[in-house]
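The values are calculated or read from the model by the stated rules, or taken from the named source; none is laboratory data. All of these numbers come straight from a predicted model, not from anything done at the bench. Neighbour counts are summed over all protein chains in view; Cβ atoms, including those assigned to glycine, are modelled from backbone coordinates with ideal geometry. The protein model used for the area step is the full one, side chains on, heavy atoms only, and it has no ligands, DNA or RNA in it. Shrake-Rupley method; radii C 1.70, N 1.55, O 1.52, S 1.80 Å.
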Amino acid sequence: MFTPIIAIANKTYGETMKGSSPIAIVTGGAGFIGSHMVDCLLVRGFRVRVIDNLTGGRMANLAHHKDDPRLTLDTRDLRQLGAEDKLFTDAKFVFHFAGLGDIVPSIDKPTEYMSVNVMGTVHALECARHSKIQKFIYAASSSCYGLAKELPTTERAPIAYEYPYALSKYQGEQAMLHWGQLYGLPVNSIRMFNVYGTRSRTSGVYGAVFGVFLKQKLAGKPFTVVGDGTQTRDFVYVSDVAEAFLSLAESKHVNEIYNLGAGKP
């Protein structure tokens with residue numbers, strides 16, 4: 001089992017976390033993309049602190065690191081954290097993946113989506129600000145463009161969020177930019193398009209198309225194709241996403257927004 005950071009007395013942080021390796025925070029680090037971010041960081045020599053309330057994340061996504069003392073897991077909700085929470089002490093980077101996904105459920109639960117995706121982000125930003133984080137990278141969503149008319153879609157495309165999920169992710173991004181402008185927190189945002197790869201969710205009514213197809217493939221069943229099958233999407237592999245997030249964190253760029261896709265629909 002991982003050592004939950006919440007169980008470590010605050011006074012022991014300096015004693016147990018000392019070392020020359022940089023520290024990175026991954027919110028939502030037990031999730032699909034977040035766990036690959038953890039993989040990337042550990043390979044690069046970081047000590048990683050994950051915070052994930054396991055609403056969408058799974059312990060199984062981090063099980064291959066169970067014997068690595070450089071990884072710790074905190075199972076609190078971000079909204080429980082105070083601005084000076086010791087979890088963020090001495091951390092260099094924050095990669096913010098935590099949040100509720102899926103468009104359709106957000107229509108039925110808009111209050112929860114706004115609370116988690118907006119206020120959860122604000123709590124993470126406040127912790128990062130008080131800990132003087134060197135870079136905060138926000139995992140945004142291309143859903144902010146709605147049914148984009150500009151293809152391929154650039155960062156200059158009109159914002160046209162259509163559902164509470166898209167709105168909540170966009171407002172979380174706006175909060176991040178505001179913290180960057182007002183408080184001088186070094187921030188960047190990456191608007192992801194369709195991410196696929198290992199640990200992708202294959203359950204649930206509203207799973208992403210890759211996860212649905214993967215489940216059907218493993219079960220030997222035909223793919224469910226809506227429409228005439230001529231529609232296209234841009235897919236980017238999950239480990240490439242993690243590399244992009246780390247590259248942006250290590251760059252000199254601040255207060256910028258980037259679309260992230262493969263460019264090969």
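Counting charges near T27 (Lys, Arg +1; Asp, Glu -1) among other residues having Cβ under 11 Å from its Cβ returns a value of -1. Across the cross-link table entries K132/K252; K66/K86; K86/K132; K135/K252, which are compared at the Cα atoms, the separations over 19 Å belong to K66/K86. The local environment of N259, defined by Cβ-Cβ distances under 9 Å, has a net charge of 0 under the rule Lys, Arg +1 and Asp, Glu -1. In percent, how large is the relative contact order of the chain, given Cα pairs closer than 8 Å and 6 or more residues apart? Once divided by the residue count of the chain, the mean separation gives 18 percent.
Helix 32-43 and the long axis of the chain differ in direction by around 50°, with both axes built from C-alpha atoms. Residue-wise HN-Hα couplings along segment 214-229, as the Karplus relation 6.51 cos²θ - 1.76 cosθ + 1.60 with θ = phi - 60° gives them from phi, are 4, 4, 5, 5, 5, 8, x, 9, x, 6, 8, 10, 8, x, 8, x Hz; Gly and Pro carry x. For segment 141-238, calculate the relative contact order in percent as a whole number, restricting contacts to Cα pairs under 8 Å that are 6 or more residues apart. Normalised by residue count, the contact order of segment 141-238 is 23 percent.
I need the shape label for segment 29-88. Rule: rounded when a/c is under 1.5, else prolate if a/b > b/c, else oblate, with a, b, c from the alpha carbon gyration tensor. Oblate, since a/c reaches 1.5 and b/c is not below a/b.
Counting 0.36 nm for each residue step from I159 to V43 and taking away their Cα separation leaves a gain of 38.1 nm. Helical content of the chain, expressed as a calculated mean residue ellipticity at 222 nm, amounts to -9000 deg cm²/dmol (DSSP H runs of 4 or more residues, -39,500 (n - 2.57) each, divided by residue number, nearest 500). Applying 1/(1 + (r/R0)^6) with r as the Cβ-Cβ distance of M119 and M59 and R0 = 30 angstrom yields a FRET efficiency of 0.75.
Between the helical axis of 238-250 and the longest alpha-carbon principal axis of the chain there is an angle of about 50 degrees. Summing Lys and Arg as +1 and Asp and Glu as -1 over all other residues whose Cβ lies under 13 Å from the Cβ of L42 gives a net charge of +2.
On the chain, 55 percent of the accessible area sits on carbon and sulfur atoms, based on a 1.4 Å probe.
The shape of segment 113-178 comes out oblate: with a ≥ b ≥ c from the C-alpha gyration tensor, a/c is at least 1.5 while a/b does not beat b/c. Taking 0.36 nm per residue of separation and subtracting the Cα-Cα distance, full extension of the segment from Q181 to Y237 would add 17.0 nm.
With the convex hull of its Cα atoms as the shape, segment 109-229 has an orientation-averaged projected area of 9.7 nm².
For the chain, the longest principal axis of the C-alpha atoms and the axis of helix 164-183 are separated by about 40°.
Around the amide H of K135, modelled in the peptide plane, lie the amide H atoms of V94, all under 5 Å away and 5 or more residues distant in sequence or on another chain.
Inter-label distance, I107 to D90: 4.9 nm, where each label sits 7 Å from its Cα along the C-beta direction. With N the number of residues in the chain, Rg(Cα) / (2.2 N^0.38 Å) evaluates to 0.99.
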